[in-house]
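Down below is the structure, laid out as structure tokens.
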Amino acid sequence: MNNLQLQKAEKERDDLLETNSRLLKQNMEKDDMNAKSLSTILHLKSLTEQAEREKEAREREAKSSEQVALAARLAENAKERVTEEALKEKKVRFECSHCIETFLFHMIVQKLNSCIVCLLTNDSFWKTGSQIWRKSVNE
């Protein structure tokens, strides 16, 4: 019976060795699969972080673009207001200039009128004027 037990023990040992070998192979395959999965996870994490950085960069660029657009609108509005004010100032200067010219014209006309009145009421003017006229007629 010893021989039978020995054969049985050897069979069990062979079965255990085979099972152990199969389990070791499965363990190595699982370790390999885990390593590949971990590598994939790390790669995906890296891609996610890169995508997040790119998204943040695009958001900053969009915000900058909005600020530049706002600054451009404000500058355009300021330009329009400055142009309007310049036109108003030019109009006022023209009107004032026109008023001054009109005023000076009226002052000159008044002075001329008073000179004419003086001349017309002055007897010596008439005498001198008639003498000049007579000379020109006689010549």
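Listing for the model above:
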{"quantity": "Flag if LEU4 is in a helix (DSSP H, G or I) and surrounded by fewer than 10 Cβ atoms within 10 Å (Cβ to Cβ)", "calculated": "yes"}
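Conditions tested, residue by residue: (1) at pLDDT below 85; (2) among the acidic types (Asp, Glu).
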{"site": "ASP15", "(1), (2)": "no, yes"}
{"site": "THR19", "(1), (2)": "no, no"}
{"site": "MET33", "(1), (2)": "no, no"}
{"site": "CYS99", "(1), (2)": "yes, no"}
{"site": "GLN110", "(1), (2)": "yes, no"}
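The values are calculated or read from the model by the stated rules, or taken from the named source; none is laboratory data. Keep in mind the model is a prediction, meaning the values are calculated, not measured. Positions of Cβ are backbone-derived with ideal geometry, glycine not excepted, and every protein chain shown enters the neighbour counts.
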